[in-house]
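The values are calculated or read from the model by the stated rules, or taken from the named source; none is laboratory data. Here the structure is a predicted model, which is why all the values come from computation and not from measurement. For neighbour counting, all protein chains shown are included, and Cβ atoms are generated from backbone atoms with ideal geometry for every residue, glycine included.
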Amino acid sequence: MSAGQLFARHALLPDGWARDVLLEWGANGAFTTITPGATPAPAVPQAAGPVLPGMPNLHSHAFQRGFAGLTEYRSVSPDDDPAGGDSFWSWRTLMYRFALRLSPDALEAIATQLYIEMLRAGYTSVCEFHYVHHDPDGKPYADRAEMSLRLLRAAQAAGIGMTLLPVLYQTAGFGEKPAQHDQRRFLNDTDAMHALLEKLAPHCTAYGARLGLAPHSLRAVPPRSLVQAVTALHAMDATAPVHIHIAEQQKEVDDCLATNGVRPVEWLLDHAPVDQRWCLVHATHMDWDERRRLAHSGAVAGICPTTEANLGDGVFEAAPYLAQQGWWGIGSDSHASVSVAEELRTFEYGQRLGLQRRNVLASDSHPQVADRLWLEAVAGGARAAARPVAGLAAGQRADFLVLDSQHPTLAGLDGARALSTYVFASHGHETLAEVRTGGTCRVQHGAHPLQGDAGRLFAEARARLLAD
């Protein structure tokens, strides 16, 4: 990395749009000064269009990009299934089959391709919720960190920021049901997970990554293990992030009620020290009091609109949560889509379909829907990532995007109108002139220097995985 400067006619700062902004960053890849109303020296480069803060992707299962689009067929007949046919649970069976075939080389190839796709789509950092730890027989690799290290290598090659979240997975359901045979690659006891975290800590430091923990879900981690694992993590690093799947499907809520007598988010808030270090992924099915308590906890709701739509999970009721000043961010999760614009657009459109009105997530301070969505998703994603990626401000990483004002769909538009067009009338990669992380240009006019080789390795790895 090297120090740099960029002058932007329009830039989206944490409190809104500013004009004539000089952005400066140091050799460490962090912004040193952000100066609105500046007059740049002639030698300072000028941005090709409005500058936006880079978007954190707060929830990723990288390997699932390898079969995205390949489960869109009927696998369960509605006539044969009391639940009514295909659902998250039938999709999960197909996902397990794919996960059982995954090799370290295949994971690295898929993740490298995915992280390049993320950069091209406007994501500048990723929280990797990683649970395929062991070999296909369920035995630890000679190096227990083998699969995690492949993800770190993929992120470094692509140039994307990383928060690595090894997943603790122990049981198949509430009431400590024994794990299924097809979950064998995921399983660790609490001591083994702590040992894995200790091994990964220096590697994450070397790669410039953040390390946290992901208790998979309340159905997969018994209460005692949840407390022990989080306590051990925070003894290592008191500010480390904790992510957990919760209340994604109605069946999970029903099972939690049947076993524990309360709903999942309510149970977690009653039994765990949930605060700003936590990200509750999905949290789709909450009642009014759960929404209020989650908002007031300071934790982040991890919303994954395209995956939740793809899996038929349901729609997060955003308006009452945001009205309580709840934190939130977006993730591409199973990577049915890898697009910041589509994720934000789907989030807003889900609210419109449910409420039958428009511009649901606009606010008095941000009447432009896209402005509010972008700024709040960046802030929430940065909190979930536990990295300094909270926008165009001194001390934050110089992660940013430049929209292309030469593109016909954006030509002649100021910053707010350009962003609105980018989100709600998107032409995808072709409207991004640049994507930078730590001040280093990773993507120019939609192209990443490694995309050719990475794409070839991805296709070869997927072909091997699908061969039988």
Among 345, 292, the single one that is modelled with pLDDT of 95 or more and over 18 Å from the mean Cα position of the chain (by Cα) is 292
Tell me, yes or no, whether the stretch 353-363 has at least one residue that is of a type in the set (D, E, K, R), closer than 18 Å to residue 424 by Cβ and part of a helix (DSSP H, G or I).
no
Quick check, is residue 329 in contact with a helix residue (DSSP H, G or I) (Cβ under 6 Å, 6 or more places away or on another chain) and not aliphatic (A, V, I, L, M)?
yes
When you check residue 418 against the structure, is it touching a residue at least 12 places away in the same chain (Cβ under 8 Å), outside the structural domain of residue 122 (by TED's automatic domain parsing) and in a helix (DSSP H, G or I), yes or no?
yes
Test residue 410 against the criterion of being in the same structural domain as residue 319 (by TED's automatic domain parsing) and either touching a residue at least 60 places away in the same chain (Cβ under 8 Å) or over 30 Å from residue 104 (Cβ atoms) (or both), and give yes or no.
no
State whether the residues of the stretch 367-387 include one that is touching a Cys at 6+ places or on another chain (Cβ under 6 Å) and assigned to a helix (DSSP H, G or I).
yes
Being in the same structural domain as residue 280 (by TED's automatic domain parsing), within 24 Å of residue 100 (Cα to Cα) and basic (Lys, Arg): is that true of residue 185 here?
yes
Within the stretch 100-148, the count of residues that are crowded, with 18+ Cβ neighbours inside 10 Å and part of a helix (DSSP H, G or I) comes to 18
Could you please let me know if residue 229 is in a helix (DSSP H, G or I), surrounded by fewer than 16 Cβ atoms within 10 Å (Cβ to Cβ) and of a type outside the set (Phe, Trp, Tyr)?
no
Within the stretch 302-326, restricting to residues that are touching a helix residue (DSSP H, G or I) at 6+ places or on another chain (Cβ under 7 Å) and hydrophobic (A, V, I, L, M, F, W, C), the one that is nearest to residue 93 (Cα to Cα) is 311
If I ask for residues that are within 15 Å of residue 244 (Cβ to Cβ), in a loop (DSSP other than H, G, I, E, B) and acidic (Asp, Glu), which ones from the stretch 259-295 would you list?
275
Selected residue (only one of 48, 111 is under 16 Å from the mean Cα position of the chain (by Cα) and among the hydrophobic types (A, V, I, L, M, F, W, C))
111
Based on this model, can you work out whether residue 307 counts as assigned to a helix (DSSP H, G or I), closer than 24 Å to residue 221 by Cβ and either without any contact (Cβ under 8 Å) to a residue 40 or more places away in the chain or hydrophobic (A, V, I, L, M, F, W, C) (or both)?
yes
Being free of Cβ contacts under 8 Å to residues at least 60 places away in the same chain, within 26 Å of residue 434 (Cβ to Cβ) and of a type in the set (Val, Ile, Thr) is the filter here; which residues of the stretch 23-81 pass it?
35, 39, 44
Based on what the data block shows, is residue 219 touching a residue at least 24 places away in the same chain (Cβ under 8 Å) and not assigned by TED's automatic domain parsing to the domain that holds residue 28?
yes
